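Report on one structure; see the data block that follows.
Coordinate-derived values only; no laboratory data. Treat the numbers as computed from the prediction; the structure is a model and nothing was measured. Please note: Cβ atoms are built from the backbone with ideal geometry, for glycine as well, and neighbour counts cover all protein chains shown.
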Amino acid sequence: MKTLIAVSVITVIALALVSQMHFANAQLGQKVSEKQYINLRAEVWNEFFRMTTAAFTVGAIVSGTMIWLVWRFRESNPKNKTPTKWEKFDDPTSGTYEEGGH
Amino acid sequence: MGHDTVEWVFVAIVIAILVYVGVDSWIVQKAVEEIPADAETIKVTGQQWFWSFEHEDGTQEKIELHLIKGHAYKFEIYAKDVMHSFNIPDYVVFEDAVPGHVNHAWFSPDQAGKFPIQCREYCGIGHYQMRGTLVVEENKS
């Protein structure tokens, strides 16, 4: 499973970067024939928008996960009626607690 | 699917995005900082409170800088007294001028016209008027 995930991750990154490499190569080819230089303004703004997209994606994943966690494990969720194997005590007060500790 | 698989997928997605951010930034930074071999060197000197320029052929200019559209220019940026910052906002040229140190920047103007040059580091009482003009002329050749 971990191998599959690793391979998927590498594939996604490679696909995301392939288009850029093609573009860079096309630019290099042009430079020789027409003497064109990269447009710094365009490069910097493009990078800014790509990074913003990445930042919002990470934000959405992290906040989405937290929202799901809070919703899924809320006390009132019917799925939580049955305690998990870690919570299932015959007598909830009979757990082992350290004396005087937290 | 065990609960640890979900965690691994979560971690993998975030790592993939972060790796993409790193690699992509590296590629763009490399492209942006690579000075073309045929760029003409221009010495830029900042001092209280004006900019002076020296072309490769020895031509000197003050406050106004005349360049040709479509050529690449590499700036060697010096400061004579205190810290300044050489900035041409329209062309994203922005580099500190530090006494005793040479900084570099490059660009290639793709539009003819007049563009503001300014100091972007507070350098004393006259900082606000430490401005210049970049005049980009059409390539006649």
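Note down the relative contact order for chain B as a percent, whole number, built from C-alpha pairs under 8 angstrom at least six residues apart. Spell out each step's value before the answer.
On the way: 276 pairs, mean separation 31.9, N = 141.
After rounding, I find 23 percent.
In peptide B:69-82, what is the residue-averaged number of other protein chain Cβ atoms found within 10 Å of each Cβ?
Counting other chains' Cβ atoms within 10 Å and averaging over B:69-82 gives 1.
How well do other chains shield peptide B:20-33, expressed as the mean number of their Cβ atoms within 10 Å of each residue Cβ?
5
May I ask you to list the GluC sites (Glu not before Pro) in the stretch B:68-141 that are in a DSSP loop and have at most 12 other Cβ atoms within 10 Å of their Cβ?
B:E138
Suppose only helical runs count, i.e. DSSP H with n ≥ 4. What mean residue ellipticity at 222 nm does that imply for chain B under -39500 (n - 2.57) per run, divided by all residues and rounded to the nearest 500 deg cm²/dmol?
Result for chain B, helices only: -8000 deg cm²/dmol.
According to a simple spin-label model (label point 7 Å from Cα along Cα-to-Cβ), what is the distance in nm between B:I35 and A:W71?
Placing both labels 7 Å beyond Cα along the Cβ direction yields 5.5 nm.
So who's got an amide H within less than 5 Å of the one on B:G132, skipping anything under 5 residues away but keeping other chains? H placed 1.01 Å off N, in plane.
Amide H neighbours of B:G132: B:I117, B:Q118.
Angle between the Cα long axis of helix B:3-33 and the longest principal axis of chain B, 0 to 90 degrees, nearest 10?
The two axes meet at around 20 degrees.
Among the listed pairs B:K43/B:K69; A:K2/A:K81; A:K2/B:K30; B:K30/B:K69, give every one whose C-alpha distance is greater than 29 Å.
The pairs that break the limit, which is 29 Å between Cα atoms, are A:K2/A:K81; A:K2/B:K30.
With a ≥ b ≥ c taken as the square roots of the eigenvalues of the C-alpha gyration tensor of the stretch B:40-137, please select rounded if a/c is under 1.5 and otherwise prolate if a/b is larger than b/c or oblate if it is not?
prolate
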